[in-house]
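Reading through the C-alpha cells given below for one structure.
The values are calculated or read from the model by the stated rules, or taken from the named source; none is laboratory data. Keep in mind that this is a model prediction, so the values were computed, not measured. Cβ placement follows ideal geometry from the backbone for every residue including glycine, while neighbour counts extend to all protein chains displayed. Surface accessibility is based on the protein's heavy atoms, side chains included, excluding ligands, DNA and RNA. Shrake-Rupley method; radii C 1.70, N 1.55, O 1.52, S 1.80 Å.
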Amino acid sequence: MAQTRSLQTKEALLKSFKIVKLAKVEEEGQVSRMTQCEEEQFEMLVRAANMVRAGESLMKLVASLKEYLILNDVKSLNDAISNRTSALATVQRDSDKKLMVIRDEMATDLYDLEEDYYSSLYKSIDAQSSQTEAKK
C-alpha cells in the first residue's frame with residue numbers, strides 16, 4: 001500500500017514538472033517579460049513544493065526506521081535485561097550477607113540476654129510471682 005502511494009506521488013510530481021516544462025516558452029518574442037516572470041515563479045513554486053514533499057517523505061522514513069529500531073532491537077533489549085538482572089543479583093547477594101550478619105549478631109545478643117536473665121535475681125522473683133498467681 002505504501003509503495004503504491006509512493007508511486008502515485010512520484011507520478012504526480014513528474015506530471016506537474018512535465019506540465020511546467022510544456023508550458024515554458026523558448027522564444028522571447030512570443031511572451032512579455034511579466035508573463036515569463038510569472039512562469040518562472042510558478043516553476044519555482046512547483047520545484048519548492050516537490051522539495052518539501054521529498055523532505056517530508058524522508059522525515060517519515062527516518063521516523064519509521066527509528067521506530068523499527070526501537071521496537072525490534074532484540075539484542076540490545078536482551079543485553080539491557082541481562083545487565084539489570086546481574087546488577088540486581090549482586091544487590092540481592094549483598095543484602096543476604098548483611099541480613100546473615102545481623103541475624104548472627106542478634107542470636108549472640110539474645111543468647112547473652114537469656115543467660116543474664118536466667119542467672120539473675122529477676123528469674124527467682126518472676127518464678128515466685130507466677131507461683132503465687134497460680135495458687136490464687
Between Lys97 and Lys15, the two model label points (7 Å from Cα along the beta-carbon direction) sit apart by a distance in nm of 7.5 nm
With every protein chain kept in place and a 1.4 Å probe, the range 58-112 has an accessible area per residue in Å² of 94 Å²
Once all protein chains are kept in place, Val62 shows an accessible area at probe 1.4 Å, nearest 10 Å², of 70 Å²
Going residue by residue through the range 108-121, the Karplus relation 6.51 cos²θ - 1.76 cosθ + 1.60 with θ = phi - 60° gives ³J(HN,Hα) values, rounded to whole Hz and with x marking Gly or Pro, of 5, 5, 5, 4, 5, 5, 5, 5, 5, 5, 6, 9, 9, 6
Under a 1.4 Å probe, counting only protein heavy atoms, Thr35 has an accessible area in Å², nearest 10, of 70 Å²
Ignoring ligands and nucleic acids, Lys10 exposes an accessible area, probe 1.4 Å, in Å² to the nearest 10, of 120 Å²
